[in-house]
1. About its Cα centre, how strong a charge dipole does chain A have in debye, to the nearest 20, once Lys and Arg get +1 and Asp and Glu get -1 at the Cβ?
2. Considering only protein heavy atoms, what per residue accessible area in square angstrom results for the protein assembly as shown with a 1.4 angstrom probe?
3. Please average, across the residues of A:223-236, the number of beta carbons from any other chain that are within 10 Å of each residue's own beta carbon, and give a whole number.
4. Give the separation of the Cα centroids, segment A:155-175 to segment B:95-159, in Å.
5. Counting only residues 5 or more places away or on other chains, whose amide H sits under 5 Å from the amide H of A:Thr138 once H atoms are built in the peptide plane?
6. Sort chain B into rounded, prolate or oblate with this rule: let a ≥ b ≥ c be the square roots of the eigenvalues of the Cα gyration tensor; rounded if a/c is under 1.5, and if a/c is not under 1.5, prolate when a/b is larger than b/c, oblate otherwise.
7. Just A:Phe25, A:Phe107, A:Phe36 to compare: in a GNM of chain A, with alpha carbon springs under 10 Å, which one fluctuates most?
8. Measure of size requested: the Rg and Dmax of the protein assembly as shown, with Cα atoms as the atom set and Å as the unit; please supply both.
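The values are calculated or read from the model by the stated rules, or taken from the named source; none is laboratory data. Nothing here was measured: the structure is a model prediction, and the numbers come from that model. Note that each Cβ is placed from the backbone with ideal geometry, even for glycine, and that neighbours are counted across all protein chains shown. Accessible surface areas use protein heavy atoms only, side chains included; no ligands, DNA or RNA. Shrake-Rupley method; radii C 1.70, N 1.55, O 1.52, S 1.80 Å.
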2 protein chains.
Amino acid sequence: MYKIAFDVMGSDHGSKVAIQAASEFLKDKNDLVIIFVGDKAEIESAIKEFNISENKYEILATTETIDMNGSILDVRRKKDASMVKALELVKNKKVDGMLTAGSSAAFLGGSHFIIGEFDGVSRPAFMPTWPTIKNNTTLFLDAGANLENTSQDLHTYAQLATIYAKTILNIKKPKVGLLNVGIEESKGKDLQKETYKLLKEDKSINFFGNIESREMISGEVDIIVTDGFSGNIALKSMEGSLKNMMSVISKSMKKNLFRKLRAVLLLKAFKEVAETFDYKNHAGAILLGVDGIVFKSHGSSDVKSFRATLRMTYAAITGDVLTKMKKELTK
Amino acid sequence: MYKIAFDVMGSDHGSKVAIQAASEFLKDKNDLVIIFVGDKAEIESAIKEFNISENKYEILATTETIDMNGSILDVRRKKDASMVKALELVKNKKVDGMLTAGSSAAFLGGSHFIIGEFDGVSRPAFMPTWPTIKNNTTLFLDAGANLENTSQDLHTYAQLATIYAKTILNIKKPKVGLLNVGIEESKGKDLQKETYKLLKEDKSINFFGNIESREMISGEVDIIVTDGFSGNIALKSMEGSLKNMMSVISKSMKKNLFRKLRAVLLLKAFKEVAETFDYKNHAGAILLGVDGIVFKSHGSSDVKSFRATLRMTYAAITGDVLTKMKKELTK
């Protein structure tokens, strides 16, 4: 029986949305128990509403919450916070993984202080995933867990993400691209040039070469590695562009009645596309390099987002990706 | 009479496209002469085809070209290259400004070696502009002229772009945002923290604070400053996202006949939007900080792009933005 600790507190839409997602996700799972961590009354009420079978959940009642505005200091200050307790369950091997939608800063700090990294990792990385126009999936790291990274970090990220892609996405030889300002080997700062060498030399990595940020959703590679600062800039630029463009298209479609009549009929097509590229409708990001399966879902997660993050957490656990990653770095 | 040197060689679509753009742009201008720099036969043939009045152009015949694949070394190697000659015309004050669609690397090197920076500028910056969803314009620099920048560079960029926005966009107090991974003052690396202080202290700058890359086209600010590496990553991520999304939407619309019939009627709305956000359909980028008005148009420029870059070059010249920027840095 697998166990996932779910910090249901601290997200924008409240614990009910989180528990609804869990109830839906649990429906066809007979090998999974979810431990809801958070306010007892809220959790019990939602469980009743969504009618979750007794043998599929446990409750760990907590009294404190670290929400989106929480800081890294809250990990120490709020000893009974749901996020802290969920991380402790991972640390103490009471569960196989956890997820939260609380503060990223607290989550990063908490994962480091409470669980820690496994051998060979000096800085964990946020790794979101998204679908591409080729209908494959791209793994992207570091999306902002760090401000600065070394070439060794980026090499480690390529190794870890390769194992992840093999295990979770069933890709035999995942293609790894290095985010850079041009495709030639000579491009970039020292970090990129050094990383290029390391990735090229490592025969366990299927190195594609440099990749420009205009290829983020074009599906050229399976994995894109970069430092946390550039990664954050690239990711948010993509998010913002797609989101803003969708809103402009909607407006343009509704501009006049002639168009409006037809627009209604086409909105479905757009919604499909919008959903495909709305980062928030995707699974959360795993914090790769931590000695446990820990996922961060968007603070504004809705039922769908939480369900997606649960799916990713479950897949990482059942695929035993952590053991495989640890083995890769000590081989 | 204003004079613009137009390097018509080295772009993907050939000199004819460039000269057609010039012919259209010249139509309602009675105070402008364009000096076409490039292959004499090609230019003469296109001038004839587009019927440009004799008093509106001159030809500077050259025998060499630095195309998109050209390197910085070509500036020295190809002494009779059209790009080199056009830059020399600026240097020698034979013209008021120039534009080219040749190699960015050669253009950067050539601008530095042949013209040089004006006092107070240590590294020039590429500054593209784009329309936002609020129907205003955002100036963005550095988009990739540099790999690394100091906080002094970024401060200078804010000063120069402020003058530019006041002069060209008629904005009284242009809002300046600093690209960063979060909006709080404490965010970012040393570069961002130091720049934040400099911009906050400078009373001649209307400093908005940090801005995330998801706001690149949201029109929150008039000017976004960043280092060349991050700027290039952010810009190309935006470009690629918008371009890929448009292609996905087109496909989704055409997916079935039911949709297809309606799609045809709506394609116009999309084309409008696509055009608005297609970076290539916008004016080129000025290289800000060089002691002359020098513009780079996309290598893949079409008639529209070249016309837009001509319009920007002409506006920078007639607005006397160079004199104003130089004055700002020596005040």
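1. On the way: 47 positive and 41 negative charges, 208 e Å.
Result for chain A is approximately 1000 debye, rounded to the nearest 20.
2. Details: 27380 Å² over 662 residues.
Value returned for the protein assembly as shown: 41 Å² of accessible area per residue.
3. For this peptide, the per-residue mean of nearby foreign Cβ atoms is 5.
4. 39
5. HN-HN under 5 Å from A:Thr138: A:Trp130, A:Thr132.
6. Numbers: a/c = 1.78, a/b = 1.11, b/c = 1.60.
It is oblate, given that a/c is not under 1.5 and a/b is not larger than b/c.
7. Among A:Phe25, A:Phe107, A:Phe36, the largest mean-square fluctuation in the Gaussian network model of chain A belongs to A:Phe25.
8. Considering the protein assembly as shown through its Cα atoms, Rg and Dmax are 27.2, 89 Å.
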